[in-house]
1. Can you bin every Cα-Cα distance in the stretch 64-180 into 10 Å intervals starting at zero and give me the percent of pairs per bin, rounded to whole numbers?
2. Taking the Cα centre of the stretch 226-295 as origin, work out the dipole magnitude from +1 charges on Lys and Arg Cβ and -1 charges on Asp and Glu Cβ, in debye rounded to 20.
3. Tally Lys/Arg at +1 and Asp/Glu at -1 over every other residue whose Cβ is under 13 Å from the Cβ of Ala373; what's the total?
4. How charged is the neighbourhood of Gly438? Take every other residue with its Cβ under 10 Å from the Cβ of Gly438, and add Lys/Arg as +1 and Asp/Glu as -1.
5. Only four residue types carry charge here, +1 at the Cβ of Lys and Arg and -1 at the Cβ of Asp and Glu. Report the dipole size of the stretch 303-457 about the Cα centre in Debye, rounded to the nearest 20.
6. For the stretch 226-295: lysine pairs with Cα atoms under 28 Å, gap of 8 or more or different chains, count?
7. Which net charge results when you count Lys and Arg as +1 and Asp and Glu as -1 among the other residues whose beta-carbon is under 10 Å from that of Asp115?
8. Ranked highest first by average number of other Cβ atoms within 10 Å, how do 173-182, 291-300 line up?
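Each reported figure results from applying straightforward, stated rules to the coordinates on display, with no laboratory input. Bear in mind the structure is a predicted one, so any value in this text is a computation, not a measurement. Glycine gets a Cβ as well: all are built from the backbone with ideal geometry, and neighbour counts include every protein chain shown.
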Amino acid sequence: MKRYIKSAFVFVRENPAILFSLALMVVIPLALYFYISLTIKSFEAAAMNEIKAHDFTVSDTLLALAARDSFEEHALNIEATQKAIDQIVANDTKLKNIRVIVRDGREYKAVAAQDRGQIGIPIDVTPSLNGESLIAYSWVGASDDVSSEIEIAGEKLRRVVKIFTDDRGEVYALATADFSTDRTLKMIVDGIYRGYLVMIVLIFLSLFLIIQHTRLFSYVALSRDLQQKNIAKDNFIRMATHELRAPVTVLTGYTDLLKEDLAGVVNEDQQKYIDRLSLSVKNLSDLMADILEVSHLEQGRTDFAPETIAPDAVIQQIVEGLLPKAEEKGLKLSFAAPPDFSHKISVNQVCFKRIITNLVENSIKYTPAGKVAVSVAAQTAKKRCVITIQDTGFGISAEGQAHLFEQFYRVKTQENSGIPGTGLGLWMSREMARKMGGDIMLESIERMGSRFFVFFPLSNKT
């Protein structure tokens with residue numbers, strides 16, 4: 001347990017921002033709870049005020065009984081009172097159980113009522129949920145109108161009792177009426193239920209988001225660890241390639257000397273061994289150069305400082321430099337540009353040469369017979385320059401095209417199985433092109449050749 005507490009303390013000390021997340025885990029749920037609680041209480045108070053306001057309306061309605069000649073000098077006119085009740089019922093169907101009640105000795109009886117079957121029957125005023133005890137209380141102890149929540153046959157009601165007194169302040173009659181509060185109370189309950197449900201959902205959502213936010217700290221720590229490992233890996237690659245470069249250079253030199261000194265002396269098999277040795281040393285040298293360049297690209301140490309160049313002139317130089325390789329294989333290597341081509345692009349010239357050289361060399365390498373045609377054109381509508389390298393080589397399958405620009409990926413077929421390569425050239429070429437605002441695309445059909453398109457934005461400078 002002590003070890004876990006110590007680890008947690010160390011983690012918090014290394015990531016102090018986690019305290020903010022922990023504070024949020026407490027503050028946000030509490031804030032939501034108090035906010036929703038206050039909202040619910042406000043809603044409940046507003047609903048109850050609405051019910052009480054209705055009490056006054058009912059009280060005024062009952063008072064109208066006295067304004068219709070139902071009461072004459074504090075004496076009831078029963079016939080007029082009954083008519084008044086009938087008229088109230090006709091005008092307001094929401095009221096229930098309207099009665100005018102008098103006291104007869106110790107008993108309370110309705111002398112006029114909405115339900116005429118209640119007239120003359122003694123009322124049981126013992127305390128109960130039906131609210132009849134309000135009649136006795138109002139007659140004896142109340143000095144003003146009374147209202148209260150009651151329940152009859154499972155229905156929630158509110159009863160209003162209107163008191164009529166004579167000049168001496170003595171009660172001589174009561175008027176009562178009920179109205180249903182089921183709908184209002186249901187709205188209150190539903191509002192409270194929804195409020196708490198929303199609160200619970202928001203609290204869980206907030207906790208989930210905060211937990212996710214807290215988990216980010218572990219990702220930050222993991223990312224930091226990965227960055228350190230990547231730096232260590234890149235440093236190792238850089239050190240290893242530099243350390244290997246010297247012996248590989250020595251091997252290349254001695255291999256070239258062997259080829260010169262033993263030319264015409266060794267037999268055919270021995271010459272094959274020497275050629276294979278030379279090719280292996282060259283492949284190793286190319287692999288180290290490519291890995292080092294990949295490391296530079298991934299670390300952002302490749303220089304992409306742009307300069308304005310004429311792409312046709314640079315491509316012409318590259319093609320002329322690669323003519324011997326093409327002629328050695330019996331291929332026709334050509335370059336074409338429109339006669340009036342005068343457009344410029346803004347790129348790093350060294351990276352631009354690497355991209356074009358790599359693509360043209362690849363076309364020569366994977367074209368056993370035929371030609372490699374390089375061209376440049378300007379797409380003024382799209383404000384870009386497009387360089388096309390088209391060959392009549394092996395071509396690439398649809399599956400191969402989907403992975404062609406991945407690191408270390410090489411299309412493996414029977415035809416190209418003996419052709420050396422690192423599988424890094426195309427990835428580096430497209431990565432460098434994109435770093436300079438361009439891109440590389442491919443069209444290819446198996447056994448019919450490939451066509452690479454290199455795009456760069458046209459420069460505004462002339």
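1. The calculated distribution, bin by bin, is 14, 49, 34, 4, 0.
2. For the stretch 226-295, the charge dipole is close to 380 debye.
3. In short, +2.
4. Net of charged neighbours comes to +3.
5. Dipole about the Cα centre, nearest 20: 140 debye.
6. Taking the stretch 226-295 as the scope, the lysine pair count is 4.
7. Net local charge, Asp115 excluded: +3.
8. Per-residue mean Cβ counts within 10 Å order the peptides as 173-182, 291-300.
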